[in-house]
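The values are calculated or read from the model by the stated rules, or taken from the named source; none is laboratory data. Only a predicted model underlies this, so the values are computations on that prediction, with no experimental measurement involved. No Cβ is skipped: glycine too gets one built from the backbone with ideal geometry, and neighbour counts run over all protein chains shown. Protein only, heavy atoms only, side chains kept; ligands, DNA and RNA dropped before computing areas. Shrake-Rupley method; radii C 1.70, N 1.55, O 1.52, S 1.80 Å.
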Amino acid sequence: MRDLLRSRRGSVAFATVIALVPLIGVVSLGAEAGSWYVTKQHAQNAADAAAYSGALKLECKTVAQGGGPTCTDTQTEDYRAKQFAAQNAFCNGGDTTVYPGSRCASLPTGISQQVSVVVSSNQVQATVSQTQPAYLAQLLGLSTVTIGATAIAQVDTLTLPCVLSLTDPLVFQGNTTIKAPNCGLSSNATNPSNAVQFTGNSTDLTQVKSVSAAGGCSQTGGTQCNTAITFASPTPNPLSALDTAIASLTTASFTGGACGATLKAYGPVTATTGPCYNNGWSPSGTVNLTSGVYFFDGAVKLSSSSLTITGTVTLILLPKSTGKNGFSGASLTINGGPTIQLTGLSKITASQVPAALGSTTNLALLSGIVIYDPETTTKNQTVNISGSSTTYFSGITYAPNADIVYQGNTTQTNSCNEVIAKGITLSGSSNFDNSTCSVSNPAAVTHYVHLVQ
């Protein structure tokens, strides 16, 4: 008996069993905490989706209130936020609304969820939580555990664009230097991978207010895509109303008919037989244009290195039309390195245009335009602007149906060269200068939504 009491056999196993009891408890408590972490991640996903979706509706409403397209979404920000929370399996207790795509199931006894949404002028805050019973955590004095997450999505206004690509990508090539300290460069292309394209890594964007796109960004070298704002809302075309007004013009709109061999601006002062339109234009030498508005039906070719054109003017290329008084349609070619120094008219009066363009609205839209080129997309038209080192267009170049390519050593220095076109490429060693543009220049406001918390 004495030997049995003194025996140590099995003492280690007994001690091990005693030690395993708290160890198993700790491991089990850790597993319970791990389940809390998983629930926390699901809650954060639901909160992010809710806040972002609510902010998209807020953006839609904000755009409409600012004069943009009517918001067709009739639901509230609160509804959209809770809908997407439900699609992520979080539903507000007591909410009987059936949200499309909801993944909320009947919760086990003792578990409840809450979804709250707070909407301000430019933010949507979504908070989701789940309260559930504590198990081993009861040893720590907890009877229930509430696991929650909060997200805030914000609607921000983008800098007004001086450069707007309406349909095709906005492309940067070569070692272009761009100066746009007061306004942005924007693309309405929706391609998820290349609405904005950077080819090479030499494009200088250090003096650009912002680069944005309705789609995504691609790059071959460099890190320029890191600075681009992607998947923003499209920017409304601020000059779209001009397309309808100018398309309504016919030869009968010009009482003087075709101007003849001498280039003339519209108006009784410069056209002896009445206001007229020019059939085409292929100038040479040095041309100093008289201030005014010039209409063209035919080929406009600026294609000589010895050509120099200056003036404060608005050049309007007439679109092709059908019927007895229709136009054959104008086209624009710029190559060969001419020197072009044109500034758009800051104010256009009704006497300088046909009656169909004489409304207050149309005159305001025309003011500041240097070139209006409505060439049709059926031509797959591209306008290449390759001028001399002193070439500039101070004003708005508007080509809603054509791609514009700035190439070579074209330079616009200390000017405001706004461009609105179907697609825009800035290439070569061009120096594209918008340094004197202000945000008050004709351009539409756009917004983008992003999570700030």
*In segment 294-327, what residues are in a strand (DSSP E or B) and closer than 16 Å to residue 258 by Cβ?*
294, 295, 296, 299, 300, 316, 317
*Only listed residue being farther than 25 Å from residue 447 by Cα, polar (S, T, N, Q) and either touching a Ser or Thr at 6+ places or on another chain (Cβ under 8 Å) or touching a residue at least 60 places away in the same chain (Cβ under 8 Å) (or both), chosen from 220, 230, 244*: 220
*Looking only at segment 348-373, count how many residues are in a loop (DSSP other than H, G, I, E, B) and either in contact with a Cys (Cβ under 8 Å, 6 or more places away or on another chain) or at pLDDT 90 or above (or both).*
7
_I'd like the full set of residues that are among the polar types (S, T, N, Q), within 39 Å of the chain's Cα centre (by Cα) and farther than 25 Å from residue 301 by Cβ, limited to segment 230-289._
230, 233, 235, 237, 240, 244, 248
*Which pairs have Cβ atoms under 6 Å, sit 6 or more apart or on different chains, and link a residue in segment 344-372 that is closer than 17 Å to residue 318 by Cα and basic (Lys, Arg) to one that is in a loop (DSSP other than H, G, I, E, B) and open to solvent by less than 30 Å² (accessible area, probe 1.4 Å)?*
none
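Say we look at segment 57-94 and pick out the residues that are of a type in the set (D, E, K, R) and open to solvent by less than 50 Å² (accessible area, probe 1.4 Å); which of these is nearest to residue 160 (Cα to Cα)?
Only one residue tops the list, namely 59.
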*Of the conditions (1) modelled with pLDDT of 80 or more; (2) exposed (fewer than 15 other Cβ atoms within 10 Å of the Cβ), residue 118 fails just one. Which one is it?*
(2)
*Enumeration of residues in segment 95-109 that are loosely packed, with under 11 Cβ neighbours inside 10 Å and small (Gly, Ala, Ser)*: 101, 105, 106
*Can you tell me which residue within segment 325-363, out of those that are within 26 Å of residue 423 (Cβ to Cβ) and small (Gly, Ala, Ser), is surrounded by the most Cβ atoms within 10 Å (Cβ to Cβ)?*
330
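Does residue 296 satisfy the condition of being open to solvent by less than 20 Å² (accessible area, probe 1.4 Å), of a type outside the set (Lys, Arg), under 19 Å from residue 355 (Cα atoms) and under 37 Å from the mean Cα position of the chain (by Cα)?
yes
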